[in-house]
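Worksheet: the structure to be examined is printed underneath.
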Amino acid sequence: MKKQFNRRDFIKSVALTGVGLAVSDELMASMQPDRITSPYQPVPVGEPMKKVRIGYVGVGLQGTSHVENLLKVEGAEIVAVCDIIESKVQNAQDMVEKAGFKRPEGYSKSEVDWQRLCERSDVDLVYTATPWQWHVPICLAAMNNGKHVATEVPAAITLDDCWKLVETSEKTGKYCIMMENCNYDKVEMMILNMVKKGMFGEMVHAECGYLHDLRSVKHDMKGEGVWRRDFSMHHNGDLYPTHGLGPVMQCMDINRGNYFDSMVSFGSKTRGLHEYAIEKFGPDSPQAREKFVLSDVVTTVIKTMNGETIVVTHDTSLPRPYSRNILVQGTRGIVRKYPEPKIYIEGVSKTDDQWEPINEYLKKYQHPIWEELETASKGAGHGGMDYIEDYRLVNALLKGIEPDMDVYDAVVMSAVRVLSEQSIAKGNKTLKFPDFTRGMWKNKRELMVMTNPG
Ligand SMILES: NC(=O)c1ccc[n+]([C@@H]2O[C@H](COP(=O)([O-])OP(=O)(O)OC[C@H]3O[C@@H](n4cnc5c(N)ncnc54)[C@H](O)[C@@H]3O)[C@@H](O)[C@H]2O)c1
């Protein structure tokens, strides 16, 4: 009998060995089709809660910053903390205690001790900021134990895992949210507000990305450096598309009347991380002998079902100023955020065909969420947007309303990372986007940040 190709095993082996570069056409094609044949099953809206009891997993840089935010959000309570490093757990426990709450239970016995945390009966929400490969196992354990789950970006790093998140969220009726903090940045929210008011006309094109010189971070021998470097040695694609895509997707109503149709990625030559190692550690250093496969610049073009184009850039291995390259263009005007925010709207801007600063627009079109939360968010991570995302999540659960982002947002953004690797591996092949929503994307619905800004 002909042996059946087991897609899940294959994808797992690709992910583990990092050898997804020589994949046959047949295998590649079999990875694309939509997997779930059952109709879309929305997660039912929950009951209001008096408190949101949180189990936090992974309290490194970003996790600790979320814990700090959550301690300031009324109604949030951290009841358990997990990290493989015991001192990090203790640090988080101390923070919670110092803020006047009961000392949370600590979990640091093994790499999978989050399983015990997920099994606790007094946790409503599991929230993880672990390295990428742990997001999906933790999300699945949380939902299978009846908890809502929030994960740092990207939610998943294989297509199979994207489907598993969708399946499990629908099966368990639990939210699975990818915490895309850049959706809440001040300028991005102003742009969204203006898009929704029709100021740019009909959407036509957008640009975005993650352009951040991570050479020193990736050559750090501890913390995030270790796992980020490892991915750059085994994967060539846009490893981190969500920060730029999140806000742009919202402007284009992706999953809410629009969807990604297809995409193609191109990778440049690979130089930056190796040259940095030679310069910093010497040509005979162990670092200089490490081999990287990640292109210095990865460029992806996405076509949407409604006919817009999006150019996504990933650029983390060369000297450069930070940018997320946000640009949104419609039939009536254009706005960009970097290097500094500029706007042009035909018939509104003072001078024809000339950029102008956004200051006046910000006064008029600031998103109501920023009006409400700017003061409370002062001093929080990434200019305050991290506090706003944490506040919005807890508040939705307290009120028993739908959170701002759902599992489909999580997997659509994450899948761009996976497909960009596949596209490059296939010689820049244009790939069809899997429909994680099974047609639900055609239903127009408004974003919660627009219908429930308060
Ligand atoms: N949204 C943002 O702006 C932003 C910024 C930075 C990082 N991140 C994301 O946050 C996540 C963490 O990044 P970071 O920079 O904080 O990294 P980090 O290495 O500083 O923190 C990760 C933590 O997870 C712990 N950990 C590792 N394996 C674990 C396991 N099996 N169980 C429990 N704990 C485990 C580590 O000990 C560490 O404390 C990543 O997904 C990253 O992409 C997002």
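Could you tell me which numbered condition residue 46 fails, if it satisfies all but one of (1) surrounded by 18 or more Cβ atoms within 10 Å (Cβ to Cβ); (2) modelled with pLDDT of 95 or more; (3) more than 14 Å from the ligand (Cβ to nearest atom)?
(2)
Quick grid of which residues meet (1) in contact with a Gly (Cβ under 9 Å, 6 or more places away or on another chain); (2) over 23 Å from residue 196 (Cβ atoms):
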| residue | (1), (2) |
| --- | --- |
| 244 | yes, no |
| 259 | no, no |
| 270 | no, yes |
| 279 | no, yes |
| 282 | no, yes |
| 290 | no, yes |
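Please go through region 304-355 and give me each residue that is surrounded by 13 or more Cβ atoms within 10 Å (Cβ to Cβ) and among the aliphatic types (A, V, I, L, M), ordered by number. If you could, list the steps in order and put the result at the bottom.
Filtering region 304-355 for residues surrounded by 13 or more Cβ atoms within 10 Å (Cβ to Cβ) gives 304-306, 308-318, 320, 323-330, 332-338, 341-346, 349, 355.
Passing the criteria: 305, 310, 311, 312, 318, 326, 327, 328, 334, 335, 343, 345.
Would you confirm, using the coordinates I've provided, whether residue 240 is part of a loop (DSSP other than H, G, I, E, B) and in the same structural domain as residue 419 (by TED's automatic domain parsing)?
Working: part of a loop (DSSP other than H, G, I, E, B): yes; in the same structural domain as residue 419 (by TED's automatic domain parsing): yes.
Answer is yes for this residue.
Need a quick list: helices (runs of 4 or more DSSP H) entirely within region 53-150 having at least 1 residues that are β-branched (Val, Ile, Thr) and within 14 Å of the ligand (Cβ to nearest atom).
Details: elements: 61-70, 86-98, 114-119, 135-144.
Because the criterion is at least 1 residues that are β-branched (Val, Ile, Thr) and within 14 Å of the ligand (Cβ to nearest atom), the helices (runs of 4 or more DSSP H) in region 53-150 that meet it are 61-70, 86-98, 135-144.
Please enumerate the residues belonging to region 415-454 that are of a type in the set (Gly, Ala, Ser) and under 30 Å from residue 374 (Cα atoms).
Step one: filter region 415-454 for residues of a type in the set (Gly, Ala, Ser), giving 415, 420, 423, 425, 427, 439, 454.
Result: 454, single match.
Condition check: in contact with a strand residue (DSSP E or B) (Cβ under 7 Å, 6 or more places away or on another chain) and closer than 26 Å to residue 62 by Cα. Does residue 394 satisfy that?
Here the answer is yes, as residue 394 does meet what is asked.
The values are calculated or read from the model by the stated rules, or taken from the named source; none is laboratory data. Just so you know, these numbers come straight off a predicted model, no measurement behind them. For neighbour counting, all protein chains shown are included, and Cβ atoms are generated from backbone atoms with ideal geometry for every residue, glycine included.
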